[in-house]
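Step one of this worksheet: look at the structure below.
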Amino acid sequence: MAMTDRSNLFRSMTRSGLSLFMFAVLGVGVVTFFHVLTADRIERNERAYMMRSLNELIPASAYDNDFFTDTINVVDTELLGSDQAVAIFRARRQRQPVGLIISPQAPNGYNGVIRLLIGIYADGSLAGVRVVSHRETPGLGDGIDQQRSDWVEQFPGLSLANTPAITWQVKKDGGRFDQLTGATISPRVVVQAVHRAMLYFERHRDHLFDSTTGDTYLFEAEKRP
């Protein structure tokens, strides 16, 4: 190949490389611009969605504190299903405990992790349960989602006092909770996760409502009997 041809080829490759580089920089810039432009809106929308979900469990008329910011983060791998910090939202009225909402996980769903919101009143009774994310099979295991069926409406009003430990299972396993047609694993693990969250609440009730507790409280470090 002649020297001139090699020079032309090199210049052509250089121009192509620079063009690709400029397109990449432009693409990153556009994505960054729109991310910055929409970040606040996304955060507001996520907050609004979370508030709606929380208020479905403990209605806004029941408390007078800033429910969304009166929170603590706790760690208990055994009872809350994650080795990461789990958020707990605390509802109070005239500074007295009304209830709280725990956001644990059921790590052993049929298709992966099931994330929950579990509302518990100060007297230990369940305010309700919501599934906030899952990958369970459409038409089968996704019946755990309140938008798909009323399966989660079995929980409100139950407590450890009025529901013996042996009955915190689906009926197929000898418990009191309905399973879903064609799907047992999804409801089974949700029932187990709710029961474990109730146990967690019972063991740490006083600390959970303590207004002096810091932003992150690692109850897992405490020795259980």
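The values are calculated or read from the model by the stated rules, or taken from the named source; none is laboratory data. All figures in this text were calculated on a predicted structure; none of them were measured in a lab. Positions of Cβ are backbone-derived with ideal geometry, glycine not excepted, and every protein chain shown enters the neighbour counts.
Please list, ordered by first then second residue, the pairs with beta carbon atoms under 6 Å, 6 or more apart or interchain, first in segment 78-98 and more than 14 Å from residue 115 (Cα to Cα), second assigned to a loop (DSSP other than H, G, I, E, B) and among the charged types (D, E, K, R).
90/70; 93/64
Only one of (1) at pLDDT below 90; (2) surrounded by 15 or more Cβ atoms within 10 Å (Cβ to Cβ); (3) more than 17 Å from the chain's Cα centre (by Cα) fails for residue 186. Which number is that?
Residue 186 satisfies every listed condition except (3).
Across segment 131-145, what is the total count of residues that are at pLDDT 75 or above and surrounded by 21 or more Cβ atoms within 10 Å (Cβ to Cβ)? Give the steps one after another, and end with the answer.
Looking only at segment 131-145, we keep the residues that are at pLDDT 75 or above, and these are 131-132, 144-145.
Retained after the next criterion (residues that are surrounded by 21 or more Cβ atoms within 10 Å (Cβ to Cβ)): 131, 144.
Count: 2.
Only residues in segment 111-124 that are assigned by TED's automatic domain parsing to the domain that holds residue 88 count as the first member; pair them with residues that are modelled with pLDDT of 95 or more and of a type in the set (Phe, Trp, Tyr), Cβ under 6 angstrom, at least 6 apart or cross-chain, and list the lot.
Close Cβ pairs (under 6 Å, with a partner that is modelled with pLDDT of 95 or more and of a type in the set (Phe, Trp, Tyr)) amount to 120/201.
I'd like the full set of residues that are assigned to a strand (DSSP E or B) and either within 15 Å of residue 204 (Cα to Cα) or of a type outside the set (Val, Ile, Thr) (or both), limited to segment 95-113. Let's see the steps before the verdict.
Within segment 95-113, the first condition is being assigned to a strand (DSSP E or B), and the residues that meet it are 96-102, 105-109, 112-113.
Within segment 95-113, 96, 97, 99, 100, 101, 102, 105, 106, 107, 108, 109, 112 qualify.
If you scan segment 76-91, which residues turn out to be among the β-branched types (Val, Ile, Thr) and within 14 Å of the chain's Cα centre (by Cα)? Please lay out each step first, then the result.
Within segment 76-91, the subset among the β-branched types (Val, Ile, Thr) is 77, 86, 88.
86, 88, listed by residue number.
With respect to the numbered conditions (1) surrounded by 12 or more Cβ atoms within 10 Å (Cβ to Cβ); (2) under 16 Å from residue 210 (Cβ atoms), which one is the sole condition not fulfilled by residue 95?
With respect to (1) surrounded by 12 or more Cβ atoms within 10 Å (Cβ to Cβ); (2) under 16 Å from residue 210 (Cβ atoms), residue 95 is out only on (1).
So which residues in segment 60-69 are at pLDDT 90 or above and either within 22 Å of residue 191 (Cβ to Cβ) or among the charged types (D, E, K, R) (or both), if there are any at all?
64
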